[in-house]
Amino acid sequence: MSQIQYQTETKEKFNVITFLNTDLNSNLVPELAELTSKWGNTAPKNLVLNMKNVQSWDEAVIEHIALAQGQFYENNTSFVICALSAALQAILDKTDYAELLNMTPTESEAWDILQMEEIERELLDSDDMEFSLPDED
């Protein structure tokens, strides 16, 4: 039975999971669900999935990643996928999830997205913001 092989790296505001598997198939979905759930509850709670080593994935995996992303956003945390190969993108484009996933070409750009989303959450959660209209003369 295959299992997910990965490396993790903790940065200041997010965790990175870099998959070592070249193929992510539906048999791995239960383990993938456990993995994303675990990291969604581990500080820092923002997550980047680095797919640079993955050459193939099936729709069940893509569906789980989309669901996991939704759960992260419901919990006011960020979830970004980066470094998709052309082969992965081609598979993704044949599904209904292509427009739903938060993706960037590089891990650096994923960090930029996370920072922007963090700032956005801080601004939206701020109680002391006041909006006023300009004075009319």
Among PHE19, PHE14, which is the only one that is hydrophobic (A, V, I, L, M, F, W, C), under 15 Å from the mean Cα position of the chain (by Cα) and modelled with pLDDT of 95 or more?
PHE19
Looking only at the range 36-86, and only at residues there that are under 26 Å from ARG121 (Cβ atoms) and of a type in the set (Lys, Arg), the one that is surrounded by the most Cβ atoms within 10 Å (Cβ to Cβ):
LYS45
Residues of the range 1-11 being at pLDDT 90 or above and either assigned to a strand (DSSP E or B) or closer than 24 Å to ALA87 by Cβ (or both), in sequence order, are GLN3, ILE4, GLN5, TYR6, GLN7, THR8, GLU9, THR10
Selection from the range 101-127 of residues surrounded by fewer than 14 Cβ atoms within 10 Å (Cβ to Cβ) and either within 22 Å of GLU63 (Cα to Cα) or touching an Asp or Glu at 6+ places or on another chain (Cβ under 9 Å) (or both) yields PRO105, THR106
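So that you can scan it fast, the table gives a plain yes or no per residue for (1) in contact (Cβ under 8 Å) with a residue 12 or more places away in the chain; (2) closer than 24 Å to GLN3 by Cα; (3) not aromatic (Phe, Trp, Tyr):
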| site | (1), (2), (3) |
| --- | --- |
| VAL16 | yes, yes, yes |
| PHE19 | yes, yes, no |
| LYS45 | yes, yes, yes |
| MET51 | yes, yes, yes |
| GLU59 | yes, yes, yes |
| ILE62 | yes, yes, yes |
| LEU67 | no, yes, yes |
| LEU84 | yes, yes, yes |
Residue check: is GLU118 more than 22 Å from ASN53 (Cα to Cα) and touching a residue at least 24 places away in the same chain (Cβ under 8 Å)?
yes
What number of residues within the range 22-58 are modelled with pLDDT under 95, in contact with a strand residue (DSSP E or B) (Cβ under 7 Å, 6 or more places away or on another chain) and among the charged types (D, E, K, R)?
0
Taking LEU92 and the conditions (1) surrounded by 10 or more Cβ atoms within 10 Å (Cβ to Cβ); (2) modelled with pLDDT under 95, which numbered condition does it fall short on, given that it satisfies the others?
(2)
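The values are calculated or read from the model by the stated rules, or taken from the named source; none is laboratory data. A quick note: this is a predicted structure, and the numbers were derived from the prediction, not measured. All Cβ positions, even for glycine, are placed from backbone atoms using ideal geometry, and neighbour counts span all protein chains on display.
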